[in-house]
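Working notes, structure below.
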């Protein structure tokens, strides 16, 4: 049965609905009005945030602040013992990167020859055992271990290319943090060796791999070509 009122939208589908008719879908909101409301909400949030007290910045953590670090650093104790005993010596990076060091050390020398140079010329070529241990334990990777291929059985750097490139690395921003360098030819006693030097050498052989495996004490620098 139809409604007697011709204006009823249920009975007369051609009649436009009133704005308040419950059956008529609501008109879409004005996008500009929505944008204005969003901007006002953002301003209100910013005002509220500005009124809050400023908290102190979080302290910057270092490796030493993590509880597990001392346990992992303890894996370096065998290497620490070798540095303390002198079985392994670290070249002083400051000596190698210094201006004019090429004139003082134009070519790579055996450890025994460098020790003699220290004594005769009163210069510091190696880190002291105490300095070497401190560098390893700094957790800042101040010790660099060089891995490379020997150029000949008797001398690893007959052309001087390795020494030149090591100096270049130590003078570069990537290597400026390094204080001690492990270079097998100069860090371990070489042939010919005395009985005492033999003992140091074989002790060093047992732990020198730790130079390349330390989790926090060292970095490894690799020369990718053989001269």
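Read-outs throughout are calculated quantities, based only on the coordinates presented, and are distinct from any laboratory measurement. Owing to the predicted nature of the structure, the values given are computational and were not obtained by experimental measurement. As a convention, Cβ positions derive from the backbone with ideal geometry for all residues, glycine included, and neighbour counts pool all protein chains shown.
Per 0.36 nm of contour for each residue apart, how much would the distance between residue 94 and residue 202 grow if the chain were fully extended, relative to their Cα-Cα spacing?
Extra length available between residue 94 and residue 202 comes to 36.1 nm.
What's the exposure ranking of 76, 154, going from fewest to most Cβ atoms within 10 Å?
Ranked by crowding around the Cβ, least crowded first: 154, 76.
Which of 214, 85, 186 has the fewest other C-beta atoms within 10 Å, and how do the rest follow up to the most?
85, 214, 186
Under the rule a/c < 1.5 gives rounded, and otherwise a/b versus b/c splits prolate from oblate, where does the range 78-222 land using the Cα gyration tensor?
rounded
Please give the Cα centre distance for the range 93-169 versus the range 185-227, rounded to the nearest Å.
Computed from Cα coordinates, the inter-centre distance equals 12 Å.
Along Cα→Cβ, 7 Å out, is where each label goes; now give me the distance between the ones at residue 65 and residue 176 in nm to one decimal.
Distance between the two pseudo-spin positions: 2.5 nm.
Defining a contact as two alpha carbons under 8 Å apart and six or more residues distant in sequence, what relative contact order in percent does the range 78-222 show?
Dividing the mean separation by the residue count of the range 78-222 yields 41 percent.
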